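Have a look at the structure below, then the notes.
The values are calculated or read from the model by the stated rules, or taken from the named source; none is laboratory data. These numbers come from a predicted model, not from an experiment. Because the Cβ atoms are built from the backbone with ideal geometry, glycine has one as well, and the counts that use them run over all protein chains shown. Note: accessible area is taken over every heavy atom of the protein model, side chains too, but ligands, DNA and RNA are not part of it. Shrake-Rupley method; radii C 1.70, N 1.55, O 1.52, S 1.80 Å.
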Amino acid sequence: MEQISESSRRDSADATSSSSADGRIGGEGNGEAMARGLSAMLESVIKEFDSKSIDTLSSQDKLSGSLDRLVQELDQLLENAPLPFIVQHASRISSVKQRVSSMNLVLKSIQRRIDNIDHMLSANNIQGNKTASDTT
């Protein structure tokens, strides 16, 4: 995975270098090229984080489902044999379930933030392309 992101970064840097070598000497042309290069690099990084966070959310959902099933089984076991040992483990599992649920909420919040950043970068990239085409 790290090699892919490194090659994406190199491609972005190459795009920036080739864009800035298009014959314009003024600072504005170079600034636009740098902005496009940075935008492309950030976009690839955000997409990588987005993919990993989706995988993590999926894993957390599976874990949450397994914990729910386990808690139900323990509840049935507690009804049949309320031993202090079983009660102790049931409370531990319930605690873990609460922590996983809390972590899921945090991950979903992070996912929303990453999506918002991605949308803002996309909007800026589109706006930058329109501005560049209007000036030419």
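From the residues in the stretch 54-73 that are among the β-branched types (V, I, T) and within 11 Å of the chain's Cα centre (by Cα), which one is nearest to H89 (Cα to Cα)? Only one residue tops the list, namely T56.
Go through the stretch 72-88 and give me each residue that's of a type outside the set (S, T, N, Q) and modelled with pLDDT under 85. Spell out how you get there, then give the answer.
Quick first cut of the stretch 72-88, residues of a type outside the set (S, T, N, Q) only: 73-75, 77-79, 81-87.
Scanning the stretch 72-88 gives L74, D75, L77, L78, E79, A81, P82, L83, P84, F85, I86, V87.
Pairing residues of the stretch 35-47 that are assigned to a helix (DSSP H, G or I) with residues that are open to solvent by 60 Å² or more (accessible area, probe 1.4 Å) and among the acidic types (D, E), at Cβ distances under 8 Å and at least 6 apart in sequence or on separate chains, gives A40/D11.
Yes/no per residue for (1) modelled with pLDDT under 85; (2) in contact with a helix residue (DSSP H, G or I) (Cβ under 6 Å, 6 or more places away or on another chain); (3) open to solvent by 60 Å² or more (accessible area, probe 1.4 Å); (4) not polar (S, T, N, Q):
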site: A90; (1), (2), (3), (4): yes, yes, no, yes
site: S95; (1), (2), (3), (4): no, no, no, no
site: I126; (1), (2), (3), (4): yes, no, yes, yes
site: D134; (1), (2), (3), (4): yes, no, yes, yes
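Out of all the residues in the stretch 49-83, which are assigned to a helix (DSSP H, G or I) and aliphatic (A, V, I, L, M)? Steps first, answer last, please.
Of all residues in the stretch 49-83, those assigned to a helix (DSSP H, G or I) come to 49-80.
Of everything in the stretch 49-83, those that are assigned to a helix (DSSP H, G or I) and aliphatic (A, V, I, L, M) turn out to be I54, L57, L63, L67, L70, V71, L74, L77, L78.
Residue-by-condition table, conditions (1) open to solvent by less than 50 Å² (accessible area, probe 1.4 Å); (2) under 9 Å from the mean Cα position of the chain (by Cα); (3) modelled with pLDDT under 85:
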residue: N30; (1), (2), (3): no, no, yes
residue: S39; (1), (2), (3): yes, no, no
residue: L42; (1), (2), (3): no, no, no
residue: K47; (1), (2), (3): no, yes, no
residue: K52; (1), (2), (3): no, yes, no
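Listed by first and then second residue, the pairs linking a residue in the stretch 48-64 that is more than 16 Å from S109 (Cα to Cα) to a residue that is at pLDDT below 90, with Cβ atoms under 7 Å apart and 6 or more places separating them unless they lie on different chains, are E48/S5; L63/V100; S64/V100; S64/S101; S64/N104.
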